[in-house]
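Undergrad: Handing you a structure now.
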Amino acid sequence: MVAVTFSDDTDRKNAKTGALAILGALAMLGLGYAAVPLYDLFCRVTGFAGTTQVATEAEANAAASVAATRDISIRFDASLARDMPWEFAPTQSTDTVRIGQRDIATYVAKNESDKPITGTATFNVEPWQAGVYFHKIQCFCFTEQTLQPGQEVTMPVLYYIDPAILEDDTIADIEQITLSYTFHRAKDAVAAAQTRNTSSDQAS
């Protein structure tokens, strides 16, 4: 029989403690990487911080079949990050749409620089409570946009307002929703989204 010494027992405890510490650190690191996508998923599902929803054609058709009889005003807003050498603006500042019916808005972007620039649009709606009812079927914000020097493009947003908004007592009487986009260089878009979400947390 091999005798287990006090030193052997201590070494085993230290090794076990060290292994647990490493596992704990790895778990915290994993949570850190997961926090942003999980928060983004939470915002998309709940509309928190004015995050809009993504809808399928089938969902859009179902919304259109609801006999909503009320119109709502949509205001379109556009801005650029400081280091983004583009022009960017909606083709019209406001539109009046029937709740439940799909509509299309267009934005125009132009690369004013002498080199190709890839941009990504972050977005939100105001008031933020409307985010869960603002559904996009198609949007330029779903993918990165690369514009060549001097290139100008028109970018559509196909959307509708969910008739369920009329059943929400906290927002049913709203008269206007503002849809805002900000274009960033693609490498800066994630940081901008995190900053926006942090600001929304502090405001709420």
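Undergrad: Within the stretch 151-180, can you find the residues that are assigned to a helix (DSSP H, G or I) and either within 19 Å of S79 (Cα to Cα) or of a type in the set (G, A, S) (or both)?
TA: Within the stretch 151-180, just A164 meets the criteria.
Undergrad: Here's a follow-up. How many residues does the stretch 95-114 hold that are among the β-branched types (V, I, T) and without any contact (Cβ under 8 Å) to a residue 24 or more places away in the chain?
TA: 0
Undergrad: When the stretch 115-153 is examined, which residues are found to be in contact (Cβ under 8 Å) with a residue 24 or more places away in the chain and of a type in the set (S, T, N, Q)?
TA: Across the stretch 115-153, the qualifying residues are T118, T120, T122, N124, Q129, Q145, T146, Q148, Q151.
Undergrad: Here are some conditions: (1) in a strand (DSSP E or B); (2) open to solvent by less than 40 Å² (accessible area, probe 1.4 Å). S113 meets all but one. Which one does it not meet?
TA: That leaves (1) as the condition not met.
Undergrad: Which condition from (1) hydroxyl-bearing (S, T, Y); (2) at pLDDT below 95; (3) open to solvent by 30 Å² or more (accessible area, probe 1.4 Å) is the one that T122 breaks?
TA: Tallying (1) hydroxyl-bearing (S, T, Y); (2) at pLDDT below 95; (3) open to solvent by 30 Å² or more (accessible area, probe 1.4 Å), T122 fails exactly one: (3).
Undergrad: Also: Criterion first (under 22 Å from N61 (Cβ atoms), modelled with pLDDT of 95 or more and of a type in the set (F, W, Y)) does Y159 satisfy it?
TA: yes
Undergrad: Condition first: touching a Lys or Arg at 6+ places or on another chain (Cβ under 9 Å), closer than 14 Å to E126 by Cα and surrounded by fewer than 20 Cβ atoms within 10 Å (Cβ to Cβ). Now tell me which residues in the stretch 157-176 satisfy that.
TA: Q176
The values are calculated or read from the model by the stated rules, or taken from the named source; none is laboratory data. In this text the structure is predicted, and so the values were computed from the model without any measurement. Neighbour counts run over all protein chains shown; Cβ positions are idealised from the backbone, glycine included. SASA here: full protein model, heavy atoms, side chains in, ligands and nucleic acids out. Shrake-Rupley method; radii C 1.70, N 1.55, O 1.52, S 1.80 Å.
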